[in-house]
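Reading through the structure tokens given below for one structure.
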Amino acid sequence: MTRDLDTDPYPGPPPGEEPPTDTQPLRSRLTLMLFAAVPVALAATALAAAIGRLDTALFFVGVPVLLAVVVGTMRTGDSGAQLFQVVTVTLLLVSAFLHEGALCVLIVSPLVYGLAFAVWTLVRAARRIGHHMALGGVLLLVALEGALPGTRLNPVQEVTADRVVAADCADFVRALERGPDFDAADRGLLLRLAQYPTPQSAEGSGLAVGDTWQFAMPMGGIETVVRSRTPSAITFDVTADDARTTRWVTLQEARLDWRETDEGCRAEVAITFERDLDPAFWFGPISDVFMTAGAKAFLAGLD
């Protein structure tokens, strides 16, 4: 028995039929990112920057929500994977556009990914039941926090820290009159890892009402004036602040009090500040953590 030599042992597809390909999903994802989601996100970022709303939920909530809506409403295959890719590319591009460091990206990433996938899930569900308008109204309200006057939630926050600073309070007051001596080793692990800016040196005219103190920061500085003074407490008002920390918080006042205890002189500092970033549910706790660490570092410079 012989084989017909004219028969192709590896037959191709019938005439007129395109060969199967695995590149179609890749093409659709690239098309989605390059011509739909990423340009929309970058345009929204540019708009938020133009109207001065990069520190509000309009940016931090609005952009991931917009991405989720764009991807969720498109009839593509694995849109969950596509959303992850789109968010990742957009996050990297926006961070480069805004000159943000790796720490800021790490802090914001859980918020961005979490919101994007939560909204994507809602959009997919709403598409099935046909309630797009109700979903859009809820998302609009969430994204407006901080974008309009009177829409911020608890922007003024306060943190406290305490520490035994001397054997007795008389020694502490004398040290306070000389001014704090900041040591990089006192900044704590969080501030060192995050490279969060804290005062490097301080110079002042005294502790009487009206006396001023200047705190030098890695970039810029903070100026304060003594507002009130008692034998065991002092309050400073912040009169000028051009430090890099103003990207996240604006300092308002600091109160320092001290008392004798069995352990020695225990001082407590309370720092009042306005949080400059929204939404509150995310940046409120983060601001508390970093400002508390900063308050502890300040007290460490007084012992």
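Got a sec? Which strands (runs of 3 or more DSSP E) wholly within the range 204-303 have at least 2 residues that are within 30 Å of residue 113 (Cβ to Cβ)?
249-261, 264-275
What number goes with the only condition from (1) surrounded by 15 or more Cβ atoms within 10 Å (Cβ to Cβ); (2) at pLDDT 95 or above; (3) within 19 Å of residue 217 (Cα to Cα) that residue 239 does not pass?
(1)
Could you list, in sequence order, all residues of the range 157-171 that are within 20 Å of residue 235 (Cβ to Cβ) and either more than 36 Å from the chain's Cα centre (by Cα) or part of a loop (DSSP other than H, G, I, E, B) (or both)?
Result: 169, single match.
Mind listing whichever residues of the range 279-303 are more than 14 Å from residue 107 (Cβ to Cβ) and among the charged types (D, E, K, R)?
296, 303
When you look at residue 251, is it surrounded by 17 or more Cβ atoms within 10 Å (Cβ to Cβ), at pLDDT 95 or above and under 22 Å from residue 285 (Cβ atoms), yes or no?
Here the answer is yes, as residue 251 does meet what is asked.
Test of understanding: among 183, 171, 162, which residue is surrounded by fewer than 12 Cβ atoms within 10 Å (Cβ to Cβ), of a type in the set (Asp, Glu) and either more than 28 Å from residue 255 (Cα to Cα) or modelled with pLDDT of 85 or more (or both)?
Being surrounded by fewer than 12 Cβ atoms within 10 Å (Cβ to Cβ), of a type in the set (Asp, Glu) and either more than 28 Å from residue 255 (Cα to Cα) or modelled with pLDDT of 85 or more (or both) holds for just one of 183, 171, 162, which is 183.
Give me a count of the residues in the range 178-222 that are of a type outside the set (Gly, Ala, Ser) and without any contact (Cβ under 8 Å) to a residue 60 or more places away in the chain.
18
The values are calculated or read from the model by the stated rules, or taken from the named source; none is laboratory data. Worth saying up front: this structure is predicted, and the values here are computed from it rather than measured. As a convention, Cβ positions derive from the backbone with ideal geometry for all residues, glycine included, and neighbour counts pool all protein chains shown.
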